[in-house]
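Step one of this worksheet: look at the structure below.
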Amino acid sequence: MAQNKIRNGVALDLAAPVGGVVSGAAVLIGAFFGVAGDTVEATETFVLHTEGVWELPCKSADVVSVGDVLYWDDTAKELTKTSTANTKVGIAYTSAADTVVAVQIKLIPGLGA
């Protein structure tokens, strides 16, 4: 068995960015995107869940269908179908009408960049 594997990568221990993080909130650090498992202050270590299906805020003007590619707007702190200036983070697991403010997303690790 390989001796150089560090961890499985499903959940990462990272230092919280400026402003800290809140448990259950989406977090973008460089190309890492996921959901915070802890509430901590800036620079404290927290768990970032980078896989799984999560319900996260979405742009209420977007009509989302199952299977749509979704992007994270880090300024508005919401998912969107708009790729321009946003980070690709996953695929819609549920649909959402243009009045819905949250959608379930299947996170796809490594998509951000």
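Structure values in brief
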quantity: Strands (runs of 3 or more DSSP E) contained in the range 22-86 and holding at least 3 residues under 14 Å from L107 (Cα atoms) and in contact (Cβ under 8 Å) with a residue 24 or more places away in the chain; calculated: 32-36, 52-57
quantity: Matching residues, the range 88-113, being modelled with pLDDT under 95, surrounded by 17 or more Cβ atoms within 10 Å (Cβ to Cβ) and under 20 Å from S60 (Cβ atoms); calculated: A96
quantity: Breaking point among (1) crowded, with 16+ Cβ neighbours inside 10 Å; (2) assigned to a loop (DSSP other than H, G, I, E, B), for G19; calculated: (1)
quantity: Residue selected from the range 45-77 under the condition within 16 Å of V18 (Cα to Cα) and loosely packed, with under 13 Cβ neighbours inside 10 Å, by the criterion nearest to the chain's Cα centre (by Cα); calculated: T75
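The values are calculated or read from the model by the stated rules, or taken from the named source; none is laboratory data. Note that the coordinates shown come from a computational prediction; the quantities given were computed from them, not determined experimentally. All Cβ positions, glycine included, derive from the backbone under ideal geometry; neighbour counts span all protein chains shown.
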